[in-house]
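Q: The structure's right below; bear with me while I get my questions together.
The values are calculated or read from the model by the stated rules, or taken from the named source; none is laboratory data. None of the values given here were measured: they were computed from a predicted structure. Ideal geometry is used to build each Cβ from the backbone, glycine not excepted, and the neighbour counts take in all protein chains shown. Calculation scope for accessible area: heavy atoms of the full protein, side chains included, ligands and nucleic acids excluded. Shrake-Rupley method; radii C 1.70, N 1.55, O 1.52, S 1.80 Å.
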Amino acid sequence: MAQFVESRSIDVVPDEERHGRAFGQFTLWLGANLQITAVVTGALAVVFGGDVVWSVLGLLLGNLLGGAVMALHSAQGPRLGLPQMIQSRAQFGVRGAVVPLLLVVVMYIGFFASGSVLAGQAVGELTHTDDTTGILVFAAVTGVIATAGYRVVHALGRVASTVCALAFVYLAVRLLERADTSALLHDAHFSLPLFLLAVSLSASWQLAFGPYVADYSRYLPRTTSAKATFWWTLSGSALGSQWSMTFGVLVAATAGEEFLDSQVGYVVGLGGTGLVASFLYFVIALGKLTVNVLNTYGGFMSLVTGVSGLCGQRRLSRAGRTAYIALVMAAGTAVALLGKDGFLSSFKDFLLFLLTFFTPWSAINLVDYYLISKERYDLAALADPHGRYGAWRFDALAVYAAGLLAQLPFLATGFYTGPLVDPLGGADVSWIVGLAVPALLYRLVARRTPPADPAPERGAGTSAVEPTAP
């Protein structure tokens, strides 16, 4: 059992511990996206006024665009052998990376909470208790699996991808038996703002995986093809999310208030009663378990990265690992318990809020990695505030701030609407601005630090990329 309990945290994974194939990214991200929150996300496109045809097409476009950005991050994992967010030190400095890290931790806690609300309903039904008990039980199981780490997370993804795919096929058949698909397909009325809302919902869903996607590809052998990692990640994530979101669109279009009143209850009731209902409650909990483990594990990684950047900590004991995971789990559970009665009304704004903060980070990280550093980082310097990347890189932080500010005129949420939204017919295009502006600015102002030397052929015991002198 010891071999399945991960011992590493933010340190480089050496060659002798690398394993797996790029196809594992497909099963993990398929399983992580075949779940009830993705269904709700797709349903929001209809709840807020869209029709079936253009909502599905908008969601597909967003899943492909956002998924491509997310998959580019995934391709970094085998090359560097590092968690995703520690790479931000190369752009923002060893200590400056704490700024996006704090926002990432908020994201993990938010998604943990939203997932726990829906999973708690399912677990409560399975255990014949209530939502609060279900949330607490679900959180405890999530924490145990996240503590076990990488191998167990991928094993869970393989199981979830198979079980949830079978369940979603069954649910789709049941739904199509009830739905008048001909009427739904003919009731198409294009609205640019609503189409862009659908694009933004699915793009934000995909982009939100960006800050931790390389955490789950970093154990792949360094010789793993970047193209294979990219395409397997993109195909698994886009297929799973589009499948779930399309189902959500059809459910919202046919069920209306019945679905809005109880998302979990309606989906399970669609499938049947008795043992079938129990199985579907289990499937909902399993799907949410997969992605909430990712959120907990990613939150742990981000907290460790932030603390080590400020305090210089290099290694983490198993007790420390457990404490960090428990902290993320406790915070997410508390938010879930406080917000469980107002879930659907706030989830859209939460997704778009996250999108505002993470599109500039994605743009800066990808431009630096692929265009400036040419896929090579000095790994030793990532832990040294006096090294190549410094403690604070104010040029990158300024670009990040500019990327945030550039989005505000185009942002449309329940608590703020920018001045350029109405002239665009109510369309929210802030995420496009949030990718383009910081990408261009960072390409212009980033310091041309010489890239690390290419990694030599390595034998046992050497690091993934040889560090070079500052």
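Q: Got a number for the accessible area of Lys227? Probe 1.4 Å, square angstrom, nearest 10.
A: Lys227 exposes around 150 Å² with every protein chain in place.
Q: Right, something else. Work out, step by step, the length gained on full extension between Asp261 and Leu185: first 0.36 nm times the residue separation, then minus their alpha carbon distance; give nm to one decimal. Before the final figure, lay out each step's value.
A: Details: separation 76, 0.36 × 76 = 27.36 nm, distance 2.49 nm.
Separation in residues times 0.36 nm, less the Cα-Cα distance, equals 24.9 nm.
Q: Length gain on complete extension for the stretch Ser7 to Ala326, per 0.36 nm per residue less the alpha carbon to alpha carbon distance?
A: Here the segment from Ser7 to Ala326 would lengthen by 113.2 nm.
Q: For Cys311, Cys164, give me the order by solvent-accessible area with a 1.4 Å probe, most accessible first, ignoring ligands, DNA and RNA. Intermediate results must be reported in sequence, preceding the final value.
A: On the way: Cys311 105, Cys164 0 Å².
Highest to lowest solvent-accessible surface, that is Cys311, Cys164.
Q: Something else: Taking 0.36 nm per intervening residue step and subtracting the Cα-Cα distance, what contour gain separates Ala402 from Glu177 on full extension?
A: Here the answer is 76.0 nm.
Q: Moving on to the next point. What net charge do the residues around Pro409 carry, taking every other residue with its C-beta under 13 Å from that of Pro409, with Lys and Arg at +1 and Asp and Glu at -1?
A: -2
Q: Where only protein heavy atoms count, and the probe is 1.4 Å, what is the accessible area per residue for the chain in Å²?
A: On a per-residue basis, the chain sits at 37 Å².
Q: Taking 8 Å as the Cα distance limit and 6 or more residues as the minimum spacing, I'd like the relative contact order of the chain as a percentage.
A: Values: 867 pairs, mean separation 147.6, N = 470.
Relative contact order here is 31 percent.
Q: At 1.4 Å probe size, with the rest of the protein present, what percent of the exposed accessible area of the chain is carbon and sulfur atoms?
A: On the chain, the fraction of accessible area on carbon and sulfur atoms equals 68 percent.
Q: In the chain, with Lys and Arg counted as +1 and Asp and Glu as -1 at Cβ, which of these residues, Leu59, Ala436, Leu176, has the Cα nearest the positive end of the dipole, that is, farthest along it?
A: It is Ala436, whose Cα lies furthest towards the positive end.
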